[in-house]
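Read-outs throughout are calculated quantities, based only on the coordinates presented, and are distinct from any laboratory measurement. Predicted, not measured: the structure shown is a model, and the values here were computed from it. Note that we place each Cβ from the backbone using ideal geometry, even for glycine, and neighbour counts take in every protein chain shown.
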Amino acid sequence: QVQLVESGGGLVQAGGSLRLSCAASGSIFSINAMAWYRQGPGMQRELVAHISHGDSADYADSVKGRFTISRENANNTIYLQMNSLKPEDTAVYYCNANVSKAFWDPGTMYWGQGAQVTVSS
């Protein structure tokens, strides 16, 4: 089994910064792509940022230039540095990882439990 544990959420004023972390543990041979999603009140879950095993990153247009995704492969951890936060960034942020348990395993998607980020105006 694989677990993803997020940390770093909280309450911040508009213009402030937060850093989310997501650590993967368990039966892991390799972690392929990892990503952060978010789900605001009454909204569908949306992709915020994605990073490949080779550190190629992509971002939603709404966060480009403000958020940075990074990963530490040695620790099976990814981060989301969020700067210049806006009230519309308020959401539950979910970590997502595609994990292979053996060299022949194409991977399975796993989700973290979610971290609340609230940005006050």
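Here are some notes:
- One residue stands out in the range 98-110 among those that are touching a residue at least 60 places away in the same chain (Cβ under 8 Å) and assigned to a strand (DSSP E or B): the one that is nearest to residue 64 (Cα to Cα), namely 98.
- Search result, residues across the range 8-24 that are in contact (Cβ under 8 Å) with a residue 60 or more places away in the chain and either over 25 Å from residue 121 (Cβ atoms) or assigned to a loop (DSSP other than H, G, I, E, B) (or both): 8, 9, 14, 15, 16, 17, 22, 24
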